[in-house]
Amino acid sequence: MSERMLPGYPRIAADDIDWLTKDQMIEVDRVMIDELGIDLTRMMENAGRNLAQLALDRFAPSSVQVLAGRGGNGGGGLVAARHLANRGVNVHVTLSTDAGRYVGVPGEQLAILGQMGVVISDEPAASDLLIDALIGYSLRGAPRGRAAELIAAVPKLAPKVLSLDTPSGLDVTAGTRPGAAVSATATLTLALPKEGLRGSSNVGELFVADISVPPSVYTTMGLVRTSPFASAPVVAIENPT
């Protein structure tokens, strides 16, 4: 695997962008779905497509191990797996629980991967790059069970790690680690960066991706800065301390 420079990714200073707490991101998702009709399928597709493109641009992997939880974060990872497989990458998916517990949109994404013949295995495989999509902003206490086991295995599976939204096990508001947590090479957070990612040694390089949140959603929350996505759907955050 080789790493690439990212000349096409605009950079924005940490102080020039708004940062969200977990509760604020929950409200963003609620408004998107309940009031605007921008459903989870659309948001998940945007997240996963941007994640796959960043993986290709930043790391140029020939093989990718995706660790996917059964919620929205895992669903985004499964979308990324599809896009990467379509681009000729050798993709291996490992789930944090039984496949039958993946319902709703994540379940639909998992079924698509099965129809495509993407490898879905109980045991993770060594790869060029690991995509961490186990636990997003819904973290409640220390990771448990299979998710905790997979987090502990991450350092042995790949030399580079790309986390979706937040490194699994990191509290997105407080920046604390109540238990095991992934240490990422890079993190692609969604919509706007989260307060708990500031200065965390677990985050690595920080990027933020557009998932089609209209600026009006932020305005009603008192966040009035200009959208960072005027020139690109993914931007890099400089000095997130």
Karplus (6.51, -1.76, 1.60) ³J(HN,Hα), θ = phi - 60°, over segment 95-111, in Hz, Gly and Pro reported as x
9, 8, 7, 4, 4, x, 8, 8, 10, x, 5, x, x, 5, 5, 5, 4
Proximal lysines to Lys194, defined as alpha-carbon separation beneath 27 angstrom and excluding residues fewer than eight positions away on the same chain
Lys22, Lys160
Interchain or sequence-distant (5+) residues whose placed amide H lies within less than 5 Å of the amide H of Val93 are Val66, Val119, Ile120, Ser121
Determine which residues of segment 41-69 fall in the zone a paramagnetic label at Ala153 would reach in this model, i.e. backbone nitrogen under 16 Å from the point 7 Å along Cα→Cβ.
64-69
How big, in percent, is the set of alpha carbon pairs in segment 90-135 lying more than 12 Å apart?
65 percent
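How would you order 84-90, 120-126, 181-187 from highest to lowest mean count of nearby Cβ atoms within 10 Å?
My ranking of the peptides, most packed first, is 181-187, 84-90, 120-126.
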Can you give the angle from 0 to 90° between the axis of helix 145-157 and the longest principal axis of the chain, with both taken from C-alpha atoms, to the nearest 10?
80 degrees
Relative to the chain, whose Cα atoms define the longest principal axis, helix 72-86 and its Cα axis are tilted in degrees, nearest 10, by 60 degrees
For segment 57-104, alpha-carbon Rg relative to the globular expectation (2.2 N^0.38 Å, N residues)
1.17
Counting only residues 5 or more places away or on other chains, whose amide H sits under 5 Å from the amide H of Asp165 once H atoms are built in the peptide plane?
Leu188, Thr189, Leu190
Protection-proxy order for peptides 207-215, 167-175, each taking the mean of Cβ atoms within 10 Å per residue, highest first
167-175, 207-215
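Kirkwood Rh, the chain, all Cα pairs: how many Å?
17.6 Å
So if I average 1/r over every pair of distinct C-alpha atoms in segment 135-177 and take the inverse, what Kirkwood radius in Å does that give?
By the Kirkwood definition, the hydrodynamic radius is 11.0 Å.
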What shape does segment 37-162 have by the C-alpha gyration tensor, where a ≥ b ≥ c are the square roots of the eigenvalues, rounded means a/c under 1.5, and otherwise prolate means a/b greater than b/c and oblate the rest?
rounded
Determine the distance separating the Cα centre of segment 103-170 from the Cα centre of segment 54-96; give it in Å without decimals.
9 Å
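None of the figures in this text is laboratory data; all of them are computed from the coordinates on show. The model shown is predicted, which means the values in this text are computed figures rather than measured ones. Neighbour counts are summed over all protein chains in view; Cβ atoms, including those assigned to glycine, are modelled from backbone coordinates with ideal geometry.
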